[in-house]
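*Asks:* First the structure, which I've put down as structure tokens, then a few questions once you've had a look.
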Amino acid sequence: LSGTSKVVVVGGGAAGCIIAARLSEDPARAVVLVEAGHDYAPGATPAGVLDARYVPMRGHAPEFDPDHDWGLVAHSRGGAGINVPQGRLIGGGGAINGAISLRGALADYEEWVGFGNPNWTSDDVLPFFRKIESDAAPGNEIHGQEGPIPLNRATDEELAPLQAAFIESAVATGADYVWDLNSPDAHGVGPVPVARIGDRRVSSAEAYLEPARSRPNVEVRGDTLVRRVVFNGTRAVGVELGDGSVLEADEVIVTAGAILTPALLQRSGVGRADLVAELGQELVVDLPVGENLGDHFAIPLVAVPKPGVWSPDQFSLQAAYRFSTQAQPDSLDGQLTMFTYLNTRTTGDGTRGLAGEGTTAVENVAGIGCVLNKPRSLGAVRARSMDPAELPDVDPNYLDQEIDRTAIREIVRTGWKVITTAPLADMLEEPIGMDAATIAEDAALDAAIAEKTASGYHFNGTCLMAPADRGGVVDEQGKVHGTSGLWVMDASVVPTTPAANTMLTTYMVAERLATMHLQGARERVGAMQLDSAGEAR
Ligand SMILES: Cc1cc2nc3c(=O)[nH]c(=O)nc-3n(C[C@H](O)[C@H](O)[C@H](O)COP(=O)(O)OP(=O)(O)OC[C@H]3O[C@@H](n4cnc5c(N)ncnc54)[C@H](O)[C@@H]3O)c2cc1C
């Protein structure tokens with residue numbers, strides 16, 4: 001491997017592929033990307049992974065491959081297990097997800113700044129959203145057209161009948177039609193931007209890593225589990241792999257996702273002192289790693305399509321409706337996402353099926369995911385042992401805050417209006433597991449919501465970007481407080497759940513942190529040269 005400064009990137013997911021690609025643009029760095037799941041060589045990715053028409057996850061589509069999922073089960077407030085798919089392959093979540101590519105609200109970045117991150121305003125991040133994408137939208141100051149990730153919206157001809165009907169029904173209930181849901185703070189319904197070319201999902205593994213693979217300073221190691229970061233005092237000097245061997249490094253960058261990054265740090269001695277002690281590790285630095293866990297959660301409203309309405313060649317996710325509830329006006333905290341296909345078979349492991357009780361007698365349903373996009377309830381992740389194969393304890397703590405319970409009621413009621421309004425209502429049988437009487441009454445609706453709450457798979461926040469004296473784990477450049485040589489650059493650092501599906505925000509964070517990292521290093525080198533050229537020392 002060429003390059004003199006060795007960088008180990010842990011986790012070849014959505015963010016990790018971008019970090020490895022960008023940092024290896026510097027020929028002085030030798031970048032080793034370590035991924036627990038399979039690394040598919042260019043052209044060898046299975047068709048089920050690439051097929052953007054479905055989300056190849058457990059209980060969702062026939063293409064589901066258990067090798068590509070960590071098989072995580074979360075327990076919100078000790079309740080029933082909730083299946084939480086998390087990508088375990090090169091590209092991570094971005095390789096198997098819905099590919100919905102929405103930006104958050106401008107107000108999200110006021111929150112980031114409020115956490116003590118003055119350099120993360122909406123103006124600061126806009127160039128990086130532009131840098132990521134080649135958006136089919138007309139060129140303007142909002143959209144990029146030269147980035148690696150292709151963004152497309154379904155044309156009227158491409159919209160599946162149920163998706164077109166969803167848009168029409170939402171408009172009939174009072175929503176504005178919005179073609180570009182990524183225009184700043186767009187409120188309304190329309191075709192959702194998706195990272196795809198035709199029916200092929202395009203992940204950061206394809207868009208960023210593939211072109212970088214041929215560089216002499218890049219190595220990708222698939223099927224390789226990292227156990228912990230190795231320290232010399234508080235300096236990270238490498239990583240220990242599952243087989244006990246050590247990969248030495250000048251810089252360790254962790255991008256294992258918002259669930260597995262905090263667990264990895266905790267196993268490394270970076271975390272709450274009591275937890276690190278429970279794991280039998282020596283404490284490196286006492287930080288609130290694993291706290292501040294955010295996730296969108298969803299209440300599915302489902303029904304069986306009438307005969308002839310649905311066919312297997314249709315895309316599942318094509319349209320969304322974004323709005324603000326009265327609980328948080330202007331926050332874009334409400335989102336309805338139309339799905340055309342959801343397989344309702346139970347998971348067979350005691351956890352409940354995705355569509356909730358009462359739907360297992362039918363095979364496929366369509367419906368609306370009613371999503372709370374600005375949840376205020378925060379959960380936590382805790383490593384259970386030093387074994388990297390043992391998954392951490394995840395408590396998303398959904399519905400803990402009254403404001404979330406109020407907002408989700410309004411979001412479900414908005415979804416109910418849409419699903420019971422023509423033309424969508426005419427294309428579906430009666431909704432399953434929800435009725436007008438339940439919708440009308442707060443207590444009954446609260447009970448139904450509690451029973452149906454599903455993860456949105458949009459975890460974030462567990463290595464909070466904020467100053468150390470304000471509960472932060474990393475600084476504005478992703479550097480872990482109290483350590484050297486160690487950074488986190490994935491969804492874990494996102495301070496507050498964005499008002500949008502999290503992939504695009506994660507890509508933006510990775511692009512920006514990589515840029516800062518390269519610039520920071522140049523400045524550090526520049527400063528050293530200045531010093532040596534200045535006063536004789
Ligand atoms: C089923 C599903 C559907 C989704 N749909 C959408 C959507 O439509 N739109 C959207 O915006 N977002 C969506 N998301 C969320 C989005 O995919 C995530 O926000 C994004 O992937 C987070 O990126 P990340 O890099 O932080 O983590 P990940 O993409 O999860 O990457 C982490 C990587 O690290 C690897 N790893 C973890 N631990 C270790 C270890 N110890 N050693 C080595 N490697 C390790 C993992 O295998 C994984 O490849 C979805 C997620 C899922 C799971």
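The values are calculated or read from the model by the stated rules, or taken from the named source; none is laboratory data. Source: prediction; values computed, not measured. Methodologically, a virtual Cβ is constructed for each residue, glycine included, from the backbone with ideal geometry; neighbour enumeration extends over all protein chains shown.
*Asks:* So which residues in the stretch 315-348 are acidic (Asp, Glu) and either at pLDDT 95 or above or under 18 Å from residue 416 (Cα atoms) (or both)?
*Replies:* Passing the criteria: only 333.
*Asks:* Could you check the stretch 74-91 and list, in sequence order, the residues that are β-branched (Val, Ile, Thr), assigned to a strand (DSSP E or B) and closer than 22 Å to residue 38 by Cβ?
*Replies:* The one that is β-branched (Val, Ile, Thr), assigned to a strand (DSSP E or B) and closer than 22 Å to residue 38 by Cβ: 84.
*Asks:* Scanning for something over 27 Å from the mean Cα position of the chain (by Cα) and within 23 Å of residue 73 (Cα to Cα), does the stretch 482-491 turn up at least one residue?
*Replies:* Scanning the stretch 482-491 turns up no residue that is over 27 Å from the mean Cα position of the chain (by Cα) and within 23 Å of residue 73 (Cα to Cα).
*Asks:* Taking into account only those residues within the stretch 92-114 that are within 7 Å of the ligand (Cβ to nearest atom) and outside any helix (DSSP H, G or I), which is farthest from residue 499 (Cα to Cα)? Steps first, answer last, please.
*Replies:* Restricting attention to the stretch 92-114, the residues satisfying the condition of being within 7 Å of the ligand (Cβ to nearest atom) are 92-94, 96-102.
Checking which are outside any helix (DSSP H, G or I) leaves us with 92, 97-102.
Working: 92: 21, 97: 18, 98: 16, 99: 16, 100: 13, 101: 12, 102: 9 Å.
Applying the filter and picking the extreme gives 92.
*Asks:* Being within 20 Å of residue 417 (Cβ to Cβ) and touching a Lys or Arg at 6+ places or on another chain (Cβ under 9 Å) is the filter here, so list the residues in the stretch 132-171 that pass it.
*Replies:* Correct list: 169, 170.
*Asks:* Return the pairs, sorted by first residue and then second, in which the second residue is in a loop (DSSP other than H, G, I, E, B) and more than 6 Å from the ligand (Cβ to nearest atom), the first residue lies in the stretch 85-106 and is within 30 Å of residue 224 (Cβ to Cβ) and basic (Lys, Arg), the beta carbons are less than 9 Å apart, and the residues are 6+ apart or on different chains.
*Replies:* Taking only residues 6 or more apart or on different chains, the pairs are 88/70; 88/71.
*Asks:* Moving to a separate point now. Which one of 50, 72, 23, 33 is away from the ligand (no atom under 11 Å from the Cβ), touching a helix residue (DSSP H, G or I) at 6+ places or on another chain (Cβ under 9 Å) and either farther than 18 Å from residue 195 by Cβ or among the aromatic types (Phe, Trp, Tyr) (or both)? Before you say what the answer is, go through the steps one by one.
*Replies:* Working: 50 fails: either farther than 18 Å from residue 195 by Cβ or among the aromatic types (Phe, Trp, Tyr) (or both); 72 fails: away from the ligand (no atom under 11 Å from the Cβ); 33 fails: away from the ligand (no atom under 11 Å from the Cβ).
Step by step, each of 50, 72, 23, 33 is checked, and only 23 is away from the ligand (no atom under 11 Å from the Cβ), touching a helix residue (DSSP H, G or I) at 6+ places or on another chain (Cβ under 9 Å) and either farther than 18 Å from residue 195 by Cβ or among the aromatic types (Phe, Trp, Tyr) (or both).
*Asks:* Still on this structure, please answer the following. Answer yes or no: is there a residue in the stretch 38-48 that is under 19 Å from the mean Cα position of the chain (by Cα) and of a type outside the set (Lys, Arg). It would help to see each step written out before you state the result.
*Replies:* Filtering the stretch 38-48 for residues under 19 Å from the mean Cα position of the chain (by Cα) gives none.
No, that holds for no residue.
*Asks:* Run down 170, 165, 175, 154 and say which single residue is farther than 23 Å from residue 341 by Cα and of a type in the set (A, V, I, L, M, F, W, C). Walk me through how you get there before you give the answer.
*Replies:* Numbers: 170 fails: farther than 23 Å from residue 341 by Cα; 165 fails: farther than 23 Å from residue 341 by Cα; 154 fails: farther than 23 Å from residue 341 by Cα.
None of the other options fit; the residue is 175.
*Asks:* Taking the stretch 388-398 on its own, how many of its residues are in contact (Cβ under 8 Å) with a residue 12 or more places away in the chain and within 12 Å of the ligand (Cβ to nearest atom)?
*Replies:* Going through the stretch 388-398, the residues in contact (Cβ under 8 Å) with a residue 12 or more places away in the chain turn out to be 388-389, 391-398.
Filter once more, keeping what is within 12 Å of the ligand (Cβ to nearest atom): 388-389, 391-392.
Number of matching residues: 4.
*Asks:* Could you list, ordered by first residue, the pairs with Cβ atoms under 9 Å in which the first is in the stretch 1-17 and within 20 Å of residue 230 (Cβ to Cβ) and assigned to a strand (DSSP E or B) and the second is within 6 Å of the ligand (Cβ to nearest atom) and β-branched (Val, Ile, Thr), at least 6 apart or interchain?
*Replies:* Short answer, once both residue conditions are applied: 8/34; 8/226; 9/34; 9/255; 10/34; 10/226; 10/255.
*Asks:* On the given criteria, is residue 304 surrounded by fewer than 24 Cβ atoms within 10 Å (Cβ to Cβ) and at pLDDT below 95?
*Replies:* Details: surrounded by fewer than 24 Cβ atoms within 10 Å (Cβ to Cβ): yes; at pLDDT below 95: yes.
Answer is yes for this residue.
*Asks:* What's the total number of residues in the stretch 307-345 that are more than 23 Å from residue 450 (Cβ to Cβ), among the aliphatic types (A, V, I, L, M) and buried (at least 24 other Cβ atoms within 10 Å of the Cβ)?
*Replies:* 5
*Asks:* Follow-up question, since we're still on this one. From the list 138, 56, 127, which residue is surrounded by fewer than 19 Cβ atoms within 10 Å (Cβ to Cβ) and in a loop (DSSP other than H, G, I, E, B)? Give the derivation first.
*Replies:* Details: 56 fails: surrounded by fewer than 19 Cβ atoms within 10 Å (Cβ to Cβ); 127 fails: in a loop (DSSP other than H, G, I, E, B).
Going through 138, 56, 127 in turn, just one is surrounded by fewer than 19 Cβ atoms within 10 Å (Cβ to Cβ) and in a loop (DSSP other than H, G, I, E, B): 138.
*Asks:* Assess whether residue 433 counts as being of a type outside the set (D, E, K, R), buried (at least 24 other Cβ atoms within 10 Å of the Cβ) and touching a residue at least 60 places away in the same chain (Cβ under 8 Å).
*Replies:* Working: of a type outside the set (D, E, K, R): yes; buried (at least 24 other Cβ atoms within 10 Å of the Cβ): no; touching a residue at least 60 places away in the same chain (Cβ under 8 Å): yes.
Considered against the rule, which asks whether it is of a type outside the set (D, E, K, R), buried (at least 24 other Cβ atoms within 10 Å of the Cβ) and touching a residue at least 60 places away in the same chain (Cβ under 8 Å), residue 433 comes out as no.
*Asks:* Report every pair of residues separated by at least 6 positions or lying on different chains whose Cβ atoms are under 6 Å apart, first residue within the stretch 252-264 and of a type in the set (Gly, Ala, Ser), second near the ligand (Cβ under 7 Å from one of its atoms) and in a helix (DSSP H, G or I).
*Replies:* 256/264; 258/491; 258/492
*Asks:* Right, another one. If a residue must be within 30 Å of residue 21 (Cβ to Cβ), touching a helix residue (DSSP H, G or I) at 6+ places or on another chain (Cβ under 6 Å) and among the β-branched types (Val, Ile, Thr), how many such residues does the stretch 133-174 contain?
*Replies:* Number satisfying all stated conditions: 1.
*Asks:* Answer yes or no: is there a residue in the stretch 171-182 that is in contact with a Leu (Cβ under 8 Å, 6 or more places away or on another chain), away from the ligand (no atom under 16 Å from the Cβ) and not β-branched (Val, Ile, Thr). Can you show your working first?
*Replies:* Going through the stretch 171-182, the residues in contact with a Leu (Cβ under 8 Å, 6 or more places away or on another chain) turn out to be 181-182.
Those left that are additionally away from the ligand (no atom under 16 Å from the Cβ): none.
Scanning the stretch 171-182 turns up no residue that is in contact with a Leu (Cβ under 8 Å, 6 or more places away or on another chain), away from the ligand (no atom under 16 Å from the Cβ) and not β-branched (Val, Ile, Thr).
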